Amino acid sequence: MTRKQHATRIVGALSPELRAELQRAPLVAMTTEGLVVRAVRALSSSRGAGGMCDGMSFSEHGTVLYAPTDSRRQNFTLLHEYAHLLVENDDQAMIWLADREDPKTELERLCDDIAAGLLIPEELLTSIVGTPPITGQHLLDLFVASEASQIVCAIALARRLTCTGAVLLTDRLSNTVVHAALVGEPGVYPASRQPVPSDHPLARIRPRQQIITKSFWSTPWGTRSYYYLNATATEKRTYSVLAEVDLWGLSNLHLDTPELPSSTRTTRTITCSCGYSGNAAGFPCTECGKPFCPRCQRCDCERRASLTDRCTICFVSVPRRDLVEGICSNCR
């Protein structure tokens, strides 16, 4: 069973009345279900596959904490945390997650899918998409027709992508990825806050323009995979679908193009805390300026983040060695 199928199954197990209430007013519905839901203005979280969920949940206490934001984003945060509670009580999902190569990331993506499934039901999605294939314009239309955020719309629309690829949002001002809802297991794919490659069609698309073309995506260190692209744009953002298959009948000729040779990539010698010592090929992280380790795939800022965790009392990030049963030394 795939992640999308688990999300559909878990959402479908809820009563129609509860699903309708969760879509209309998540905060009220969750409180009615007996959960303690508290707003914490200083709270921020790296939860969510794109790190855009400002919330935390504690299943043993039936409690959800969230940072109040604009209504569209806040509703997603609440339902993402509600999804964590549903998944933790679902044996099928937990067994499936245990077999994943990266269970933590898959859990966050599964909760994203569940939250999007509650905010954008199948009936609404069908009314926008009609007969596949999906397009970048469908993403924009779905946002206009719903009360969900653009990121939630991307996650929901990805349910209708019939091949490996991604539904993608980028910011035109900073030319960076806002969110990528992945489908399947693409070898090279967009990630939140990643710069759009300078030679990519999305870096040149104009507002109100719609394009269908052969395209690609590349990592900061130069590895490249080829996709078909369907995209549209507004003044602020681009809305697009990347697909490994020519869903839009662009060409009857499909040729695989080889990756860039490693000799064209920047190479530096590094010593990583994971134990690797040697060459690292590719462009450095745009935040810390250090290359990604070829063994653990982390840069310096990712390694630092892995050494900290949040105190369950004050929610401040502290070194893990300072935590005792989840509580930091300042709160003990």
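The values are calculated or read from the model by the stated rules, or taken from the named source; none is laboratory data. Computed from a predicted structure; not experimentally measured. A quick note on method: Cβ atoms are made from the backbone with ideal geometry, for glycine too, and the neighbour counts reach across all protein chains shown.
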Only one of (1) within 19 Å of ARG237 (Cβ to Cβ); (2) without any contact (Cβ under 8 Å) to a residue 24 or more places away in the chain; (3) not β-branched (Val, Ile, Thr) does not apply to GLU147, and that is (2)
Review point. In the range 71-92, is there at least one residue being more than 23 Å from LEU18 (Cβ to Cβ) and in contact (Cβ under 8 Å) with a residue 60 or more places away in the chain?
Key: no
Against the definition (surrounded by fewer than 20 Cβ atoms within 10 Å (Cβ to Cβ), at pLDDT 90 or above and more than 19 Å from SER57 (Cα to Cα)), how does THR32 come out, yes or no?
no
Listed by range, helices (runs of 4 or more DSSP H) wholly within the range 51-133 having at least 3 residues that are surrounded by 23 or more Cβ atoms within 10 Å (Cβ to Cβ) are 71-88, 103-119
Scanning the range 101-150 residue by residue, those under 15 Å from GLN23 (Cα atoms), within 13 Å of the chain's Cα centre (by Cα) and among the charged types (D, E, K, R) turn out to be ASP112, ASP113
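Does ALA115 satisfy being in contact with a Cys (Cβ under 9 Å, 6 or more places away or on another chain) and either within 15 Å of ASP54 (Cα to Cα) or β-branched (Val, Ile, Thr) (or both)?
When the stated conditions are applied, ALA115 passes them.
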Taking the range 1-29 and the residues there that are among the hydrophobic types (A, V, I, L, M, F, W, C) and either in contact with a strand residue (DSSP E or B) (Cβ under 9 Å, 6 or more places away or on another chain) or under 27 Å from GLY184 (Cα atoms) (or both), the one that is surrounded by the most Cβ atoms within 10 Å (Cβ to Cβ) would be ALA7
Within the range 195-229, residues crowded, with 18+ Cβ neighbours inside 10 Å, over 20 Å from ASP141 (Cβ atoms) and of a type in the set (A, V, I, L, M) come out as VAL196
Of the residues in the range 145-164, those that are under 20 Å from ILE211 (Cβ atoms), hydrophobic (A, V, I, L, M, F, W, C) and surrounded by fewer than 23 Cβ atoms within 10 Å (Cβ to Cβ) come to CYS163
Condition set in contact with a helix residue (DSSP H, G or I) (Cβ under 8 Å, 6 or more places away or on another chain) and crowded, with 18+ Cβ neighbours inside 10 Å, scope the range 273-300, selection modelled with the highest pLDDT: answer is LYS290
